[in-house]
Amino acid sequence: MIIHIDKILPPQPPEKEEGNKEYKRYLKCKKNSEKEFIEKRASQMLYRLVEGNGNAIYLLGVDDNGKIYSLDNKVIDETINYLKLIAERIDASIKVVRIYKNNVCTVRIKLCPLRLKNIEEGIL
């Protein structure tokens, strides 16, 4: 579900190493290394999902220091498509995408409850 928000997403505090929030200016990779690109980011996404008890929030158009970068629509679409591929890789799904007036997005991702239970029980 994509929701357009008629507000500006303000600068954010610097990203924390722990927790379920991940900042990304955008996602882009070279086509010949897409598999490696997705694997690396799938591991990162899974970490954020476990930290959030099965829920994670990705902020797109936001650098690690919290600075905001407006994205053009093509970059937003490409980044969301990569997030979908990454989420599918780890049995997660995108629940809500919010696109703010300044072309910055928040993406809510949920891990399959059975996958989370298996991770918690040490069954990978």
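Every number in this text was worked out from the coordinates using simple rules, so none of it is lab data. What you see is a predicted model; the values in this text were computed from it and never measured. So basically every Cβ, Gly included, is an ideal-geometry build from the backbone, and we count neighbours across all protein chains shown.
What to note about this one:
- When only alpha carbons are used to place a centre, the range 70-114 and the range 20-61 end up 9 Å from one another.
- Using a cutoff of 8 angstrom between alpha carbon atoms and counting only pairs six or more residues apart, the relative contact order for the chain works out to 34 percent.
- Which of P10, S43, I86, positive extreme of dipole for the chain (C-beta unit charges): P10
- CD proxy at 222 nm, helix term only [per DSSP H run n ≥ 4: -39500 (n - 2.57); per residue of the chain; nearest 500]: -11000 deg cm²/dmol
- Seen against the Cα atoms of the chain and their longest principal axis, helix 34-51 is set at about 80 degrees.
- Qualifying lysines (Cα of each under 25 Å from Cα of K24; at least 8 residues distant if same chain): K7, K16, K35, K40, K67, K74, K84, K95, K101, K110
- Placing unit charges on the Cβ atoms only, positive for Lys and Arg and negative for Asp and Glu, gives the chain a dipole magnitude near 320 debye about its Cα centre.
- Taking the C-alpha atoms only, the angle from helix 73-89 to the longest principal axis of the chain is near 10 degrees.
- Counted over the chain, the DSSP beta bridges are approximately 65% antiparallel.
- Loop GluC sites (Glu not before Pro), the range 20-124 (other Cβ atoms within 10 Å of the site Cβ: 16 or fewer; DSSP): E121
- Counting other Cβ atoms within 10 Å as a rough exposure proxy, the listed residues M1, M45 run M1, M45 from fewest neighbours to most.
- At q = 0.11, 0.16, 0.17, 0.23 Å⁻¹ the log10 of I(q)/I(0) for the chain amounts to -0.36, -0.76, -0.85, -1.41, computed by Debye summation with a single uniform scatterer per C-alpha, solvent ignored.
- Cα gyration tensor shape for the range 37-86, rounded if a/c is under 1.5, else prolate or oblate: oblate
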